[in-house]
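Below: one structure, written as structure tokens.
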Amino acid sequence: MTINSLTTNVSNRIRQSLKLIAMGRSTALAGEASFLSKSCIPDDRIALTNCAVFDGIHSEVHKGMTILVEKGHITAVEKQDKIGSPANYYLVDVHGKTVLPGLIDSHVHLCSPFTYQLNLAAIRQMKKQILRNCLKTIDSGITTVCDMGGPWGIIREFRDLASRNEIVAPRTMNCFTLIAPRLGRRLGYPTQVKMFGPLQQWLLEGQVVSRPGSLKELESIIRRVQDCGGHHIKTTCQSQPFSDKKLAVDNLLPTFDNDWMKTLLNRSREAHIAVSIHAPYAADAERCVDLVIETGVQIRLQHMVFDAEIKHSLLKKMQDHGVSIIPTVMVYGDAFDLPKFINQFSHDPDNDLTPEARRQLTARIQTAIEKERLSGRQVLEFDTSYFRKQFSIVCRNTQMTHEAGVIGLGTDCGGTYTGVFGRIYSEVQHYAALGIRPLDILKYLTSVNAGINGLDNRGTIRPGKLADLTIFDGEPLTDLSALTRVCSVMKGGKFLKADSIEFSTPLP
């Protein structure tokens, strides 16, 4: 063993010991915090009977169906009278409830909200908050999320625990860190997420936002994402803060120039990793799409363009080059209800937020409310009055991108001051208010989101797909409110939530 490897091993052991002391053991915390019922079926062959099935694609709900699950995958989807009672399967009667593919949320931050102020209380409560985020995600019927970054070491730990079903948590598509620009001491967006100090960075094994100082460092970060099994790279391209009053042209937020962006895109393509780009301003979004045309990289734009109506020429480019956008409409719509969230947090029964998370989010929302009087007069980091002013543009652009067939669905849970987990129905309600059909909304939540994220093994109920399934009380295709009534959730053939269904022993 070399001196370097010995030093690394010692450092890792010290770090793990300090994490245990400061943050606790994740599996033990999960036992304390869990409010979901994990079923223990000692068999890998399950037959879901008496199902109403929406397969993620077609406009019909097929009733009286049986779904066979073996070794974590769907092996058959047939009429119940055709399959009968298969031998050597545990029979699970869902009593006519509707079975959908496990829902997919294309934009979350599972490690949030502790990206704003990483004090001692935040460090001590971080694991418990992440576990609650995961629990709320599963409890809302979501089995897969596209995570947009956090502390590297914590993300890896929770990803591995979730993959082994040691905690109740969704599958995650990880970028591990947001890669954002800086110019000297000036930070590009997100300016509200500051750099960790050396001790914090060592303890959590990296930055929530990595800000490379050279192209070589940028390439090194991308290689590390690839080596850790990352699914996508996340970066930002935002030249102005979320403010009605704009910065002067000579004082714009730092953004990566074209050489940096091309390097990021090309290295991501070589690593076979897609790129998610935060680009909510129209000019920045168009610049990103033009770079895609030049480099041929697969990207997903994150957050709807909100400052101007999307040009038809840009929509055509997106269609022609496979560029999708995740609107996160509720990010903008929440600006109409800020006092409601403060009231909700103050009466939170300690299921959603730890005390420090509640304190930090309440303080930031209160500050945003107080600064609204400065909208249009001062440059604000987060101008909620401006969001309300621009909301009609967000809605129109979402309708246009829907009609063009270039959107999916994501919530940004964890990524905003109001983005507590378990709120996917809030985004659904926005889509419905825009006249988007329930069928299209359900497809966005399942097969379309799977396609956008390159997940060909889920998103539909078909033989060979992963047995990621959500059971609802009601029929979401005709009544979207059924999405709020999640009875049971299966991930890879294992029930992470099992309410209102009956199990029987296997037939010989």
**Message:** What do you get for trypsin sites (Lys or Arg not before Pro) in region 215-314 restricted to DSSP loop and a cutoff of at most 14 other Cβ within 10 Å of the site's Cβ?
**Reply:** K246, K311
**Fill in**
With R₀ set to 25 angstrom, the calculated FRET efficiency between the beta-carbons of Q80 and D44, to the nearest 0.05, is 0.70
**Item:** Whole-Hz ³J(HN,Hα) from phi, Karplus 6.51 cos²θ - 1.76 cosθ + 1.60, for region 489-495, glycine and proline x
**Value:** 9, 10, 10, x, x, 10, 6
**Asked** If amide H atoms are built 1.01 Å from N in the plane of the peptide, which residues on other chains or at least 5 residues away come under 5 Å of the amide H of H107?
**Response** C146, T411, D412
**Prompt:** Once the Cα atoms of helix 424-433 and of the chain are each reduced to a long axis, what angle between those two axes, in degrees from 0 to 90 to the nearest 10, is obtained?
**Reply:** 80 degrees
**Request:** Go ahead and run the numbers for FRET between N343 and L247, Cβ-Cβ distance against an R0 of 35 Å, rounding to 0.05.
**Result:** 0.55
**Fill in**
Computed over the chain, the relative contact order (Cα-Cα under 8 Å, seq sep at least six) in percent reads 23 percent
**Asked** What is the Cα centroid distance between region 96-132 and region 172-207, reported in whole angstrom?
**Response** 18 Å
**Item:** Of [x] 165; [y] 175; [z] 152, the label for volume of the Cα convex hull per residue in Å³ derived from the coordinates
**Value:** [z]
**Request:** Within region 139-181, which residues have the backbone N less than 16 Å from the label spot 7 Å out from S214 along Cα→beta-carbon, could you tell me?
**Result:** none
**Request:** Report ³J(HN,Hα) in whole Hz for each residue of region 454-459, in order, from the Karplus equation J = 6.51 cos²θ - 1.76 cosθ + 1.60 where θ = phi - 60°; Gly and Pro get x.
**Result:** x, 9, 7, 9, 7, x
**Item:** 5 angstrom amide H check on F495, placed H, neighbours 5+ away
**Value:** S39
**On Cα atoms only, tilt of 3-23 relative to the major axis of the chain in degrees** = 70 degrees
**Prompt:** With the Cα gyration tensor of region 39-114 giving a ≥ b ≥ c as the square roots of its eigenvalues, does the rule (a/c under 1.5 for rounded; else a/b larger than b/c for prolate; else oblate) give rounded, prolate or oblate?
**Reply:** oblate
**Message:** Suppose only helical runs count, i.e. DSSP H with n ≥ 4. What mean residue ellipticity at 222 nm does that imply for the chain under -39500 (n - 2.57) per run, divided by all residues and rounded to the nearest 500 deg cm²/dmol?
**Reply:** -11500 deg cm²/dmol
**Fill in**
So R182 and D499, fully extended at 0.36 nm per residue minus their Cα-Cα distance, gain in nm 109.2 nm
**Request:** Work out from phi, with θ = phi - 60° and the Karplus expression 6.51 cos²θ - 1.76 cosθ + 1.60, the ³J(HN,Hα) of each residue of region 152-165, listed in order in whole Hz, and give x for Gly and Pro.
**Result:** 3, x, 5, 4, 4, 4, 6, 4, 5, 4, 5, 5, 8, 6
**Message:** Nearest 10 degrees is fine. How inclined is helix 258-270 to the longest principal axis of the chain, computing both from alpha carbons?
**Reply:** 30 degrees
**Request:** Please say if region 178-305 is rounded, prolate or oblate, where rounded means a/c under 1.5 for a ≥ b ≥ c the square roots of the C-alpha gyration tensor eigenvalues, and otherwise the choice is prolate for a/b larger than b/c and oblate otherwise?
**Result:** oblate
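Where a number appears in this text, it was derived from the coordinates with a stated rule and is not lab data. Owing to the predicted nature of the structure, the values given are computational and were not obtained by experimental measurement. For neighbour counting, all protein chains shown are included, and Cβ atoms are generated from backbone atoms with ideal geometry for every residue, glycine included.
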